[in-house]
Structures are given as structure tokens and as C-alpha cells.
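Enquirer: The structure that follows is given in the form of C-alpha cells.
Just so you know, all these numbers are worked out from the coordinates, no wet-lab data involved. Everything numeric here is computed off the predicted structure, so don't read it as measured data. A quick note on method: Cβ atoms are made from the backbone with ideal geometry, for glycine too, and the neighbour counts reach across all protein chains shown.
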Amino acid sequence: MNTNLTRRNFVKTFVAAAAAFTLKPSLWAAGVSNPRISVQLYSVRDDCSKDFDAALAQIATMGFDGVEFAGYHKYSGKPKELRARLDELKLAPAGTHIKTGSFRGDELQRTIEFHQALGCKFLIVPGDGDFSHPEKSKELAETFNKAAEKLKPLGMYCGYHNHTHEFKKDGDKTYWDLFAERTSQDVVLQQDCGWSATAGLNPAELVRRHPGRTKITHFKPTVVKEEAGKKAILGQDSVDWVATLKACREVGGTEWITVEQEAYPDGKTPMECTALSLAGLKKIW
């Protein structure tokens with residue numbers, strides 16, 4: 001073998017690759033995120049209620065990287081045991097849905113201790129009636145700001161998850177935008193893209209409107225009324241997921257894309273539909 005020729009080819013290849021790399025902006029220098037995929041366990045809530053361990057095992061088999069909780073079932077008060085089960089299944093605790101009261105008074109410290117032991121850093125409130133109240137919405141925002149101050153040194157975040165009423169207007173602004181203005185950058189805006197699309201909004205535009213605030217989001221397959229022929233399976237529905245994923249990667253600061261399956265077409269089970277939506281998301285990916 002001609003070692004000089006081999007070495008020369010190697011050097012030429014290396015130089016060409018380096019040159020090509022310098023012509024492109026670095027992925028990380030551009031601030032682009034590389035999110036992982038989780039599932040909101042509310043998608044398979046009946047399975048979780050029947051046998052939580054078995055449901056987690058099925059989710060792991062599908063190929064999800066993590067789970068977002070909607071209750072802890074047999075592991076309530078047992079965060080270390082739940083973390084051990086997740087580790088066994090190679091699932092990460094992507095986030096959780098809890099009540100606003102978990103951030104108030106002495107409850108905040110108990111909330112912190114439980115989720116530190118679980119290794120879960122995104123603590124999200126999945127709706128609060130005060131959010132779209134002209135006066136109470138201001139107090140609610142301050143509750144999140146105070147919680148965020150306590151959580152930030154611990155590497156944890158609080159946040160809020162929308163449905164549709166959050167897009168009602170107070171004057172010329174939606175309550176969603178007002179909440180974003182009234183809260184610090186450390187408060188997560190967990191956009192449920194299915195609900196925002198139902199409200200007639202553009203999920204990708206909402207992500208771009210609030211850069212860095214979409215650290216964990218919901219990709220819920222949704223069919224809007226005028227497209228009733230479509231299926232509520234991710235990639236077969238009405239939402240422009242390509243544009244939304246692009247926005248999450250480019251400006252959202254998104255760490256987790258969370259699939260939430262609430263419609264079960266063609267008589268399929270929640271587990272089957274969740275698996276189909278994961279496959280649809282991976283095609284988009």
C-alpha cells in the first residue's frame with residue numbers, strides 16, 4: 001500500500017471537510033436546539049390507571065425518550081422509586097403537569113423536593129381559570145415569577161400550558177401575550193400547538209413571537225373543522241408541524257417535543273394512536 005498516497009487522500013478529505021464546515025454557520029453558534037421526544041401520559045391515562053408500570057414499559061418500547069406526567073399513580077410520594085423505574089426503562093422525566101397551588105406557600109418546597117428527587121425540571125400548570133381574568137391574571141403571573149426565582153438556582157422551571165381561552169383578548173392583546181409580558185424569561189410558555197391551532201392561531205408564529213420561552217411544548221394532532229376529512233394522527237392532521245418544529249429548533253430553545261394524543265380515530269386504542277403519532281413525528285423530524 002502506498003502510505004504517502006493514503007496520507008495525502010486523508011489530508012485532502014480532512015481539509016475539504018473543514019472548508020465545508022466553515023462555510024456553514026455552526027448549529028450551536030446559531031442557537032439551534034436539538035430537542036428530544038416525550039409523551040404526555042394523559043394520552044394513555046386509562047392504561048396508566050390500570051397498570052402504570054406496564055404502561056411505562058409500552059411507552060419505552062415505542063421509542064420515546066421521555067415522559068411528561070399527569071399524576072404519579074402507585075408512585076405518589078415515592079419519587080426515588082419512580083426515578084429508578086424510569087432509569088430501568090431508559091426514559092427521562094421530561095416534565096410534569098401540576099396545579100398552581102403547588103407553587104404557593106409551603107407547597108412550593110414540597111414540590112421542589114419531590115421533583116428534585118425525581119429529576120424532573122419542567123413543572124407545568126395545565127390551565128388555570130384565573131389566566132384569562134382581567135385582574136386575577138396579574139396575580140397569577142406574579143405567582144409564576146416568584147416560583148421561577150426559587151426554581152432557577154436549582155436548574156428547574158415553572159410554566160403554563162394553554163387550551164383556547166388563553167387566546168381571548170383584553171384590549172388589543174391576548175391573555176397569552178399578556179402573561180408572556182408579565183412573567184420573566186424563566187417562566188416557560190408550554191404551547192399546546194393543537195389547542196392554539198383550534199383557536200385559529202399559527203403555532204410556529206407563536207413560538208417565534210416569544211423566543212426562548214418554548215422549552216417544552218405539546219405537539220397534539222388536531223383536525224380543524226374545515227379539514228374534517230383528515231385524521232387526528234400527527235402528520236395526517238391540520239397543523240403545519242414542519243414549520244412549528246423549525247420554529248422550536250431555531251428560536252424556541254426547545255428541549256422537549258411532547259406528543260399528546262387525545263383523539264383515537266378508526267377505533268384504534270390510545271396506545272396504538274400514540275405509536276402512530278410518534279411514527280408521524282419521526283417522519284417529519
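Enquirer: For the chain, what is the convex hull volume of its Cα atoms per residue in Å³?
Expert: 184
Enquirer: To the nearest whole percent, what portion of all C-alpha pairs in region 128-217 is separated by more than 19 angstrom?
Expert: 35
Enquirer: Here is a follow-up. Taking the alpha-carbon distance from residue 268 and a cut-off under 17 Å, which aspartates and glutamates remain once sequence neighbours fewer than 8 residues away in the same chain are dropped?
Expert: 46, 47, 237, 260
Enquirer: Right, next: Among the lysines, which fall within straight-line cross-link reach of residue 283, defined as a Cα-Cα distance under 19 Å, with same-chain neighbours fewer than 8 residues apart omitted?
Expert: Partners found: 220, 230, 231, 246.
Enquirer: Moving to a separate point now. I need the GluC sites (Glu not before Pro) found in region 187-252, filtered to DSSP loop residues with at most 13 other beta carbons within 10 Å of theirs.
Expert: When the GluC sites (Glu not before Pro) of region 187-252 are filtered for loop state and at most 13 Cβ neighbours within 10 Å, nothing remains.
Enquirer: Based only on other Cβ atoms within 10 Å, what is the fewest-to-most ordering of 132, 33?
Expert: Going from sparsest to densest Cβ surroundings: 33, 132.
Enquirer: Quick one: grab the alpha carbon gyration tensor of region 153-193, order the square roots of its eigenvalues as a ≥ b ≥ c, and give me rounded if a/c is under 1.5, else prolate or oblate depending on whether a/b is larger than b/c.
Expert: Oblate, because a/c is 1.5 or more while a/b does not exceed b/c.
Enquirer: Moving on. Which loop GluC sites (Glu not before Pro) in region 80-149, with loop taken from DSSP, have no more than 13 other Cβ atoms within 10 angstrom of their Cβ?
Expert: 135
Enquirer: Hey, got a sec? Which chymotrypsin sites (Phe, Trp or Tyr not before Pro) in region 85-158 land in a DSSP loop and have at most 15 other Cβ atoms within 10 Å?
Expert: Here no loop site has a sparse enough neighbourhood.
Enquirer: Using only alpha-carbon positions, what ratio does the radius of gyration of region 126-174 give when scaled by 2.2 N^0.38 Å?
Expert: 1.27
Enquirer: Can you say what percent of the DSSP beta bridges in the chain, counting only those with both residues inside, are antiparallel? Round to 5.
Expert: DSSP beta bridges in the chain are roughly 5 percent antiparallel.
Enquirer: Output the relative contact order of region 93-250, whole-number percent, from Cα pairs under 8 angstrom with separation of 6+ residues.
Expert: For region 93-250, the relative contact order is 17 percent.
Enquirer: For a protection proxy built on the mean count of beta-carbon atoms within 10 angstrom, sort 264-271, 67-74 highest first, please.
Expert: Final packing ranking: 67-74, 264-271.
Enquirer: Please identify, among 54, 92, 275, the residue showing maximal mean-square fluctuation in a Gaussian network model of the chain using a 10 angstrom Cα cutoff.
Expert: Of 54, 92, 275, the Gaussian network model singles out 54 as fluctuating most.
Enquirer: Then there is this: Note down the relative contact order for the chain as a percent, whole number, built from C-alpha pairs under 8 angstrom at least six residues apart.
Expert: Relative contact order of the chain: 18 percent.
Enquirer: When only Cα pairs under 8 Å and 6 or more residues apart are kept, what is the percent relative contact order across region 194-285?
Expert: 32 percent.
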